[in-house]
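Working notes for the structure below.
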Amino acid sequence: MNHNDVTGMLDTMIIGGGQAGLAMGYYLNEQQRKFLILDANPRAGDAWRQRWDSLRVFTPAKYDGLPGAPFPADPLAFPTKDDVAGYLEGYAERFDLPVLHGVRVNRLWREEGRYVAASNGQRWEAHNVVVATGCSQAPKVPGFAAELSPAVVQLHSSQYRNPRQLQDGPVLVVGLGNSGAEIGFEVCRTHPTFVAGKPGGEIPVKHGRTAARYFLPVLRFLGLHVLTLNTLIGRKAAPTFKAHAAPLMRTRSKDLVAAGVRLVPRIAGVENGLPVLADGTRLEVSNVIWCTGFRDDFGWIDPAMLDGGGLPRQERGVALDSPGLFFLGQEFMYSAFSATLVGASRDARYLAGRIPVSVSRASAASST
């Protein structure tokens, strides 16, 4: 199907064709809605293809499928990022989801009771909009990064692919979340490596097939059903969960130390072009990899549809001030797992049941 042929007023427009957008597309397909998915990438799954080469997901394949299509792999195996990308591309094809690729929406606003999205002179109109751009929108790097010497190679984790991008000499990995731990563990095989930061906790068992069989099902239950905005413990945990790195899964602090990585305090600034630690130590490094996460970027959405800080005012993905506007795939949208494959699928099912039916569609249905 040529999805450029999907024209006219849409029932629902989905902005973002990653795992969250595709899961939402599945449910809207089931409801026989007229919808279109607008995605900035050339192919489905590209958000995964663009991560570092050795990345594997932390959840076993039995938990990595989207609705209607289990992940085609050993249930206890941990798929590579390219496995996930290929799965998502096949998923869109299998269900013939109307994805229009290469479309980066640069403006969204409400006009005369409908939503309008614009991109490079084109525009689309819909009664409802689901913003499914995820939680990895804009790389976050401290302002003092600009003060590092031009001789120091700098990469954000979103730009890092493998150690061949680095020049000879020591590497500083900033941030001890899962990306920092995984990347630090990899680059220490070829470069002297420092990792700066403090982990947000560590799972108490060794990651692998045994954990996938016995421990990760418990973690999945807690992340989906206990740490939610419907529970007191979940509401208390949500701000901390959003502000700090997730617990280390596969590579833990002791693994880094055993591999020869030097764990150092946080980075406090730059002096004479080199990073300075909180204890005043200046590190003589040739490379810095910023594993400092991402920030939300909704600057393309009409500010009238956001709060004063440029973020959506929403409850479990339903916008509070803009009828027909929904958000999906963000950190702790409803649960600690909302940004994962399984969590986004659960949230998509919930939102699909709350997207109002347009008057024109309801009239057409009643006349048949």
Dmax and Rg, reported as Rg then Dmax, of the chain (C-alpha, Å)
21.8, 75
Among beta bridges that DSSP assigns inside segment 105-232, antiparallel share in %, nearest 5:
70
Taking amide H positions as placed 1.01 Å from N in the peptide plane, with prolines and chain starts having none, which residues 5 or more places from residue 271, or on another chain, fall under 5 Å of its amide H?
276
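Could you pull out the GluC sites (Glu not before Pro) across segment 60-166 that fall in loop regions by DSSP (anything but H, G, I, E, B) with no more than 11 other Cβ atoms inside 10 Å?
In loop regions of segment 60-166 (DSSP not H, G, I, E or B), the sparsely surrounded GluC sites (Glu not before Pro) are 112.
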Taking the dipole about the Cα centre of the chain, with the C-beta of Lys and Arg at +1 and of Asp and Glu at -1, give me whichever of 36, 85, 10 is farthest to the positive side.
85
Report, by chain and number, residues whose modeled amide H sits under 5 Å from the one on residue 193, excluding near sequence neighbours (fewer than 5 apart, same chain).
171, 262
Just tell me which lysines come within less than 16 Å, Cα to Cα, of residue 140; anything on the same chain fewer than 8 places away is out.
242
Quick one: what are the phi-derived ³J(HN,Hα) couplings along segment 330-338, Karplus 6.51/-1.76/1.60 with θ = phi - 60°, whole Hz, x for glycine and proline?
8, 4, 6, 4, 9, 9, 4, 9, 4
Largest first, please: the extent of the C-alpha atoms of segment 186-232 along each principal axis, to the nearest Å.
45, 27, 14
Any chance you could list P(r) for segment 5-145, counting all Cα-Cα pairs in 10 angstrom bins from zero, rounded to whole %?
11, 38, 31, 15, 4, 0
Residue by residue through segment 266-279, which ³J(HN,Hα) values in whole Hz follow from phi under the Karplus form 6.51 cos²θ - 1.76 cosθ + 1.60 (θ = phi - 60°), with glycine and proline marked x?
5, 7, 9, x, 10, 9, 6, x, 10, x, 10, 7, 4, 8
Under 20 Å between alpha carbons, and skipping anything fewer than 8 positions from residue 81 in its own chain: which lysines qualify?
62
Trypsin sites (Lys or Arg not before Pro), restricted to segment 164-229: which are DSSP loop and have at most 14 other Cβ atoms within 10 Å?
189, 206
Residue-wise HN-Hα coupling along segment 58-75, computed from phi with Karplus coefficients 6.51, -1.76, 1.60 (Hz; x: Gly, Pro)
8, 9, x, 4, 5, 10, 9, x, 9, x, x, 8, x, 5, x, 7, 3, x
Assuming R0 = 25 Å, what is the FRET efficiency of residue 253 and residue 167, from their Cβ-Cβ distance, to the nearest 0.05?
0.40
Using amide H atoms built in the peptide plane, which far-off residues or other-chain residues are under 5 Å from residue 288 H to H?
153, 154, 155, 172
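Since every read-out is calculated from the coordinates, none of them should be taken as a lab result. Just so we're clear, the structure is a prediction, and the values are computed from it rather than from any experiment. For neighbour counting, all protein chains shown are included, and Cβ atoms are generated from backbone atoms with ideal geometry for every residue, glycine included.
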